[in-house]
1. Below 15 angstrom from the Cβ of ARG37, what's the summed charge of the other residues (Lys, Arg +1; Asp, Glu -1)?
2. Any chance you could run the full-extension gain for MET1 through ARG65? It's 0.36 nm times the residue separation minus the Cα-Cα distance, nm to one decimal.
3. What's the local net charge at ARG95, with K and R +1, D and E -1, over the other residues with C-beta under 11 Å away?
4. Please work out whether region 1-102 counts as rounded, prolate or oblate from its C-alpha gyration tensor, where a ≥ b ≥ c are the square roots of the eigenvalues and a/c under 1.5 means rounded, while otherwise a/b larger than b/c means prolate and anything else oblate?
5. Would you kindly derive the ³J(HN,Hα) couplings of region 43-59 from the backbone phi angles with the Karplus curve 6.51 cos²θ - 1.76 cosθ + 1.60 (θ = phi - 60°), listing them in order in whole Hz, with x for Gly and Pro?
6. How far is it, in nm, from the label point at MET107 to the one at ALA22 when both lie 7 Å from their Cα along the line to the Cβ?
7. Among ALA12, GLY89, LEU106, whose Cα sits farthest toward the positive end of the charge dipole of region 11-113 (+1 at Cβ of Lys/Arg, -1 at Cβ of Asp/Glu, about the Cα centre)?
Amino acid sequence: MRIGEAAAAAGATPRALRLYEAHGLLRPPPRTPSGQREYGPAEVARVRVIRDLLALGLTLKDLRRRAHRLDLLVQNPTAPCGSRPGEFGEVVADRLAAMDAEIARLMHLRQELAAAAGGPSGVPASTAPPGGGVPAPEAARRVTRRASSAGGRDPGLV
């Protein structure tokens, strides 16, 4: 099947298939005499695995680190990723650490914004997000109210 058909079958775009090929995640497929790529069911299955892993938060760089092992996940999509050395365990651990760091950064940023918007006082516990603080819509309303009463700018945020 040609690139458009393969991409549609995998839930991707032709551009994504070219990108995966450029990053070494998808082997260059054979070409027709006119130079068009020809894909088979194995390549479509591999693209589905790549898309599933990207949807879980892994990056193209993460997948490149274990591109040679992607066929194992194509053969057994429900296999644990980190069960043996050299598979995906290290990649997953590194990505989880990066996600945890980003979550911590965002929580800190959220706390700063909530404090600048008037803090969590007066917010019922049932509407407070996990970890406390001001829910985003309430914080936005407070900032807007304070800004409009200060002539268009919020003195607490300047």
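1. Within the 15 Å Cβ shell, the charges total +2.
2. Stretched out fully, the MET1 to ARG65 stretch lengthens by 20.2 nm.
3. Values: positive: LYS61, ARG65; negative: ASP62, GLU90, ASP94, ASP100, GLU102.
Computed value for this residue: -3.
4. Because a/c hits 1.5 or more and a/b exceeds b/c, region 1-102 counts as prolate.
5. With coefficients 6.51, -1.76 and 1.60, one gets 5, 4, 4, 5, 4, 4, 4, 4, 4, 4, 5, 5, 5, 7, x, 6, 10 Hz.
6. 3.7
7. ALA12
Read-outs: derived from the displayed coordinates by stated rules, not from any lab. On a predicted model such as this, the values are computed, not experimentally measured, just so you know. Cβ sites come from the backbone with ideal geometry, for glycine too, and all protein chains shown count toward neighbours.
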